[in-house]
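Structure record follows, encoded as structure tokens.
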Amino acid sequence: MSPVLDRDRIDRIRDDDRMPWRSWRWAFGAVWLIFLVYPLVAVAKSDNSTLVKVLGFVDLGVFFLVYVAACIVLMSSPPRESSGEHDRARWLFTATLVVLTVALFPVIHADAFGLAGFLMAVVSFIAPRRLQVVIVILLVAATYAVPKLAGWNVDFGTFAIMVAVGTTMIAIRAVSEREREREAGEERQRQLNSELAVVAERESVARDVHDILGHSLTVISVKTELAGRLVDLDPERAKAEIAEVNKLSRDALAEVRSTVGRLRTPELPSGLASAASALSAAGIDADVPDPDDVDTPHATLFAWVLRESVTNVVRHSGASSCRVAVERDTIAVSDDGTGSPLLVYGNGLRGLSERVADAGGELIVRSDEDGTVVTASMAPHGGM
């Protein structure tokens, strides 16, 4: 949806809040005013004087207007938390309708209970559910008890209608509340899913940045130390190492930008070349396959495994040799350094394990005094 349409929709909602009659939802409640015909007929057929009948018609006319106004206020917008002033206005509508109903009893006696259904409808919109049930029950009971106590004829037809209306109102309120709870639950779930997606994305970006910077900075650190030692012994090689450090720093910066922007991921061929260079610069004999001899559908994932594994070898292993083996569905990085079981719990390997698991594979790390082997295995014939 375009921003213009969004603004138009918001403006319409605001207009409906300021002028609720513009929202025609209230007509759903007002349509039932057709049943005012029955008390109108009762007033017309009553044995009262003309003046009393006129007052009865006026009473019903005012009832009509107040009920329509109540429908506009109560039904023009979805239920929401309202101010104390708004709540008082709602109850004022209800109290006014009750007074107008009571005022008809001297005119049409028990027939005034024909207005009780409207009272039930209004109460169903403003009262808490338990209070609504209590009021509906009291109104139904009054339909029978008041005529009995006043000596009027009990209209069992009206009583039956009030029972049906009251039961319907309670059921509608229950269904409506369950629907709102369901919608609220779905909205909470959507918000939770959105938050979880953000968290997952942040963790993914954090893993990417860690893997890139951890590897690149380690190589840069090793090469700058080597260049420092060679600056007097072999100036030309020192210059070459510094030039490679400069290139590595530019590549790392580009990769960080690309990874954060999700524009590209590391490539296995360049990763193999970088691994060989980093191991050699650290004085570790490197046995790394020729990139042209590697054929795997998991190149991107294996590039991440290679980065983290070689970075750990250079940083922590104290190894004299390191071997990288890449097959179609497996990559293994092994060294002859002094390993430690604690290596398995490092942030880098933990993030790498999550990355491999997300791709449908398994990362196995064996580390002891004989060295460390990091193996990532994918299901045969799988793909990234």
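Restricting PRO291, PRO297 to residues that are assigned by TED's automatic domain parsing to the domain that holds ALA275, modelled with pLDDT under 90 and of a type outside the set (A, V, I, L, M) narrows the list to PRO291. ALA160: of a type in the set (Gly, Ala, Ser) and loosely packed, with under 15 Cβ neighbours inside 10 Å, yes or no? Spelling it out, ALA160 is indeed of a type in the set (Gly, Ala, Ser) and loosely packed, with under 15 Cβ neighbours inside 10 Å. For LEU230, the requirement of being at pLDDT below 70 and assigned by TED's automatic domain parsing to the domain that holds LEU279 is not met. The number of residues in segment 289-318 that are crowded, with 23+ Cβ neighbours inside 10 Å and not in a helix (DSSP H, G or I) comes to 1. Restricted to segment 85-117, and to residues there that are under 12 Å from ALA42 (Cα atoms) and among the small types (Gly, Ala, Ser), the residue that is surrounded by the fewest Cβ atoms within 10 Å (Cβ to Cβ) is ALA110. If you go through segment 162-185 and keep only what is at pLDDT below 80 and either among the β-branched types (Val, Ile, Thr) or over 26 Å from VAL146 (Cα atoms) (or both), you end up with VAL165, ILE172, ARG173, SER176, GLU177, ARG180.
Taken over segment 50-98, residues that are among the polar types (S, T, N, Q) and at pLDDT below 75 amount to 4. In the set (1) modelled with pLDDT of 75 or more; (2) loosely packed, with under 15 Cβ neighbours inside 10 Å, the condition left unmet by LEU263 is number (1). I'd like to verify a number: residues in segment 125-142 that are out of contact with any Leu (no Cβ under 9 Å at 6 or more places or on another chain) and within 16 Å of VAL175 (Cα to Cα), how many? The qualifying residues number 6.
The values are calculated or read from the model by the stated rules, or taken from the named source; none is laboratory data. Please read these numbers as outputs of a predicted model, since none were measured by experiment. Here Cβ is always computed from backbone atoms with ideal geometry, including for glycine, and neighbour counts include all displayed protein chains.
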